[in-house]
Amino acid sequence: MNAPVKAEDRFHQLIHQNHMWGLWEIASQMTPHPRPEAVPYQWKWSLLKEVVKQSSTAVPVGDERRAMQLFNPGLNGQWATTNTLIAAVQVLLPGEVARAHRHSPAAIRFIIEGHGAYTAVEGEKVIMQPGDFVLTPAWQWHDHGNETNETVVWMDGLDVPLTKALNAMFFEMHQDTKASHGKPVNGSKALYGHGKLTPTWTKERPLFSPLMLYSWDQTAEALHDLRSHDGSPHDGILLEYTHAQTGGPVLPTMSCRVQMIRKGEKTKAKRVTGSSVFHVVQGRGRSVINGQPFDWEKGDIIALPSWAQHDFANAGNEDAILFSISDRPVLEALGFYREDLS
Ligand code: 1HN
């Protein structure tokens with residue numbers, strides 16, 4: 001004989017069958033602090049280099065780009081490097097063009113190898129050199145082309161998982177492989193690339209920075225000039241790429257930064273809400289993330305989930321330089337930004 005079904009079980013059955021759950025059943029999800037499913041994870045350049053090499057013969061650059069996306073092992077195959085960001089390593093061979101398209105997620109590029117290829121953004125060809133930081137803001141037509149005789153490699157960073165979570169994904173392929181490149185080459189740099197002096201006659205104030213190219217020579221000069229300052233005990237000499245008109249973040253959804261951990265420097269640990277992806281531009285070092293050591297060197301890419309305790313220690317005999325993207329502007333705008341500097 002079946003045991004009589006208790007009133008409490010009958011009640012749970014009733015609500016579950018009708019797509020309802022008691023708060024008492026899921027209360028443990030109200031965690032005292034963030035517990036991301038994404039894990040701290042490192043893709044070493046020794047691996048990425050091999051993937052880059054094999055990709056150039058293994059896959060063509062069809063209508064889609066030859067971008068190898070970094071999927072966080074904690075996120076069960078989701079299209080995500082962290083809960084809000086996706087990073088990829090993209091390869092473009094001499095003579096190739098990656099077909100023009102636009103999407104509602106915003107993108108950035110950080111150039112790893114190869115001189116002189118371009119990303120054309122809304123008609124402006126932006127010529128890319130190693131260390132350059134390039135914007136492709138939301139919904140701007142863009143195509144990539146390599147008219148040089150060197151293979152070009154860069155890191156892509158996009159707010160794809162955030163866009164998906166907000167059900168705001170739009171994507172459109174251009175009718176032509178190349179959108180028209182009618183504007184002056186590197187024109188946004190000519191107009192907006194003069195630091196604190198910005199044109200007064202341009203009336204548009206886009207949410208994204210109107211400057212598409214932040215050149216490595218300017219970045220390196222700024223880091224060099226600031227080297228003897230104290231900097232931050234938690235981040236060393238950490239600089240943010242800023243919106244050329246407002247001084248705010250370059251994109252409404254992403255803060256992009258570059259930092260120098262000087263030879264012999266070791267920072268204090270901290271944790272912040274929001275997730276990041278780091279790319280090592282120069283040098284080597286060690287970061288302890290939630291108690292686990294990550295030894296990094298030039299070319300590596302590291303995913304840092306929200307609220308993960310982390311520090312930076314230079315472990316080489318030159319200054320180390322890290323580039324990073326994060327979703328911090330979103331957390332700040334919504335009142336979710338917190339930091340624990342203890
Ligand atoms: C994308 O559109 C590009 O435009 C690169 O080059 C990487 C990764 C995920 C989604 C879209 C590009 C991407 C991407």
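Worth a mention:
- Number of residues in the range 278-297 that are over 16 Å from VAL258 (Cβ atoms) and of a type outside the set (S, T, N, Q): the value is 9.
- Scanning the range 104-158 for residues that are of a type in the set (S, T, N, Q), farther than 17 Å from PRO184 by Cβ and touching a Ser or Thr at 6+ places or on another chain (Cβ under 8 Å) yields SER104, GLN129, THR136, THR151.
- Residue list for the range 201-224, restricted to those being open to solvent by less than 50 Å² (accessible area, probe 1.4 Å) and free of Cβ contacts under 8 Å to residues at least 24 places away in the same chain: THR202, ALA222
- Flag if LYS203 is assigned to a helix (DSSP H, G or I) and out of contact with any Pro (no Cβ under 9 Å at 6 or more places or on another chain): no
- Test: residue in the range 229-247 that is of a type in the set (D, E, K, R) and over 22 Å from ASP300 (Cβ atoms): yes
- Leading residue by the ranking (farthest from GLN78 (Cα to Cα)) among those in the range 161-200 that are open to solvent by less than 50 Å² (accessible area, probe 1.4 Å) and in a loop (DSSP other than H, G, I, E, B): PRO199
- Selection within the range 151-185 - free of Cβ contacts under 8 Å to residues at least 24 places away in the same chain and under 15 Å from THR84 (Cβ atoms): LEU166, ASN167
Condition check ((1) among the aromatic types (Phe, Trp, Tyr); (2) modelled with pLDDT of 95 or more; (3) closer than 21 Å to MET128 by Cβ) across all residues:
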| residue | (1), (2), (3) |
| --- | --- |
| GLU8 | no, yes, no |
| ALA38 | no, yes, no |
| PRO60 | no, no, no |
| ARG65 | no, no, yes |
| GLN69 | no, yes, yes |
| ASN72 | no, yes, no |
| ASN76 | no, yes, no |
| ILE86 | no, yes, yes |
| VAL97 | no, no, yes |
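- Tally, over the range 7-41, of residues that are open to solvent by 100 Å² or more (accessible area, probe 1.4 Å) and part of a loop (DSSP other than H, G, I, E, B): 7
- Against the conditions (1) surrounded by 12 or more Cβ atoms within 10 Å (Cβ to Cβ); (2) of a type in the set (D, E, K, R); (3) in contact (Cβ under 8 Å) with a residue 40 or more places away in the chain; (4) within 12 Å of the ligand (Cβ to nearest atom), GLU64 satisfies every one except (3).
- Restricted to the range 69-139, the set of strands (runs of 3 or more DSSP E) holding at least 3 residues that are away from the ligand (no atom under 12 Å from the Cβ) and open to solvent by less than 10 Å² (accessible area, probe 1.4 Å) is empty.
- Residue match in the range 52-59 (condition: surrounded by 15 or more Cβ atoms within 10 Å (Cβ to Cβ), part of a helix (DSSP H, G or I) and touching a Leu at 6+ places or on another chain (Cβ under 7 Å)): yes
- Test: LEU331 is under 25 Å from ASN83 (Cα atoms), aliphatic (A, V, I, L, M) and open to solvent by 10 Å² or more (accessible area, probe 1.4 Å): yes
- Entry remark, the range 328-342: residues being part of a strand (DSSP E or B) and on the phi > 0 side of the Ramachandran plot number 0 in total.
The values are calculated or read from the model by the stated rules, or taken from the named source; none is laboratory data. Because the structure is predicted, anything quoted here is derived from the model rather than measured. Note that we place each Cβ from the backbone using ideal geometry, even for glycine, and neighbour counts take in every protein chain shown. Ligands, DNA and RNA are stripped out before the accessible areas are found, and what is left, the full protein with its side chains, is counted by its heavy atoms. Shrake-Rupley method; radii C 1.70, N 1.55, O 1.52, S 1.80 Å.
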